[in-house]
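Just below is one structure, and these are the notes that go with it.
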């Protein structure tokens, strides 16, 4: 079941076929893809039936990408590739906030909201109320005002708004803020909970077949864009979550796990929130 | 733009996540996939935008898989993977006919046809007439009777029947035969011509972007199933075709290139065919 010389000829012919690619980067990517894909194939020696199943699986993944459902991002997530790409693209400024995966539930143009906005409006099950009080800074601690700060999270049933049949243009627990003169963004939300990635599709079948659970630890997403800085895509995870060690998409970094609590808040007149997400994001300067 | 320690942790966590997979083969494949996919990603260091484009490309490939159109097989073909899988699964009996790719135009249950059938019935443009006269044997030259022999090829416009809007259950230039007591299958067809793989989809875009042509050299497909033997999936290519050296799916092997000609035929009463495809297939015994 090995024909190493014949196999090598195929790999060489395939590499050579990309030799005239006009774009140097495209050529580099295509040839690297061929080398690694062939090495993978040679290592596992798939039967024709296994190869057919792989084709079928990829086709199902593609067919599951409908509307806001992006099964290929999910596949990239559970195979650790999304997290790898995110990590490789991170800057290396001392003290900059670490990044993590964007995830498949990001919305490019979320609704704009004013400081202090209540993101729970319209929610039926409200969960544990939480104050979000974050500051955008540079790595020297200077406030970054005018930054675009997207915040999103799942509802108490474990679903994001884009996973529901909301009327066009309506969102839940998702908004875009602008940091104020002190770099601050505040809003009212609810305590995030662990949730399962969509497991009714081929990626869910892959997880089930390999005895992997589909859970992500609770988190709130942030995406921060500011002129002169690298875009920061990250989460904050509440300390103590049972899935911090086994996040299905490998998104947890120790520096992103914090206490969602602030004893001083209840008495400081900021409201009845029992939990507080307070954090300082330090942006990497643009390269 | 490298965070090798952080990257390594992600790869290790992802490999570990598959450690409890109940099926040993599934675990082996999943872990090999992670290793090779991560090595590829680390080598090319994709930007977030490039990664996004890759997701978009794969999604388009999936969405292009509609009905008989199988864009993922085509992608596997033009990246040399299909040919690699075929070659690795080939037996190594001395003298057995070599195999090549199945291709995306195979039909699992083609219509049955009798010896000598005319596959060109219904064709508008008939092309150059050709007699197919093949024999199925074992590697010692003994005839294999009762073998199921599927034959298919493209029409003079370069399209296969499944690429057309034919009524359900109707086929062109495609049939399933049973080899007779001498191992023979004969039929009437037309001389195959070079054709382009479907290039109006994402795989076509990939070829165009990398300056690869979409041509396959002319060929007739055969798939032969017989009890006690390995299934043979192969083509025969007419000698002299301009694309023999640059087949877009890397399917050509020198032993499968033959002269489609037989000076003796016209005078032997077999009909008016100007071309003859005469060949002896030698089946590999089942392992």
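Figures for the structure shown
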quantity	calculated
Residue that is surrounded by the fewest Cβ atoms within 10 Å (Cβ to Cβ), among those in segment A:72-105 that are over 12 Å from the mean Cα position of the chain (by Cα) and more than 10 Å from chain B (Cβ to nearest Cβ)	A:94
Residues satisfying the stated conditions in segment A:13-26, i.e. more than 7 Å from every other protein chain (Cβ to nearest Cβ) and surrounded by 15 or more Cβ atoms within 10 Å (Cβ to Cβ)	A:15
Filter result (touching a helix residue (DSSP H, G or I) at 6+ places or on another chain (Cβ under 8 Å), farther than 19 Å from residue B:35 by Cβ and more than 7 Å from chain B (Cβ to nearest Cβ)) within segment A:46-66	A:60, A:64
Verdict on residue A:137 being crowded, with 16+ Cβ neighbours inside 10 Å and in contact with a helix residue (DSSP H, G or I) (Cβ under 7 Å, 6 or more places away or on another chain)	no
Any chance residue B:43 is more than 29 Å from the chain's Cα centre (by Cα), facing chain A (nearest Cβ under 7 Å) and in a helix (DSSP H, G or I)	yes
Residue within segment A:153-160 that is within 14 Å of chain B (Cβ to nearest Cβ) and either assigned to a loop (DSSP other than H, G, I, E, B) or over 15 Å from residue A:222 (Cβ atoms) (or both) present	no
Unique match (being under 30 Å from residue B:86 (Cα atoms) and surrounded by fewer than 18 Cβ atoms within 10 Å (Cβ to Cβ)) among A:69, A:48	A:48
Members of segment B:68-97 found to be farther than 19 Å from residue A:40 by Cα, free of Cβ contacts under 8 Å to residues at least 60 places away in the same chain and touching a helix residue (DSSP H, G or I) at 6+ places or on another chain (Cβ under 9 Å), listed by number	B:70
Qualifying positions in segment B:1-12 - surrounded by 14 or more Cβ atoms within 10 Å (Cβ to Cβ) and closer than 23 Å to residue A:25 by Cα	B:3, B:7
Filtered residues of segment A:204-222 (kept if part of a loop (DSSP other than H, G, I, E, B) and either more than 26 Å from residue A:281 (Cα to Cα) or within 14 Å of chain B (Cβ to nearest Cβ) (or both))	A:210, A:211, A:212, A:213, A:214, A:217
Residue that is surrounded by the fewest Cβ atoms within 10 Å (Cβ to Cβ), among those in segment A:28-40 that are at the interface with chain B (Cβ under 7 Å from one of its Cβ atoms) and more than 10 Å from residue B:80 (Cβ to Cβ)	A:28
Single unsatisfied condition, residue B:108 versus (1) modelled with pLDDT of 95 or more; (2) under 15 Å from the mean Cα position of the chain (by Cα); (3) within 14 Å of chain A (Cβ to nearest Cβ)	(1)
Leading residue by the ranking (surrounded by the fewest Cβ atoms within 10 Å (Cβ to Cβ)) among those in segment B:256-287 that are modelled with pLDDT under 95 and within 14 Å of another protein chain (Cβ to nearest Cβ)	B:287
Selection status of residue A:117, surrounded by fewer than 22 Cβ atoms within 10 Å (Cβ to Cβ), in contact with a strand residue (DSSP E or B) (Cβ under 8 Å, 6 or more places away or on another chain) and touching a residue at least 60 places away in the same chain (Cβ under 8 Å)	yes
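The values are calculated or read from the model by the stated rules, or taken from the named source; none is laboratory data. Quick caveat, the model's predicted, so the values are computed rather than measured. A quick note on method: Cβ atoms are made from the backbone with ideal geometry, for glycine too, and the neighbour counts reach across all protein chains shown.
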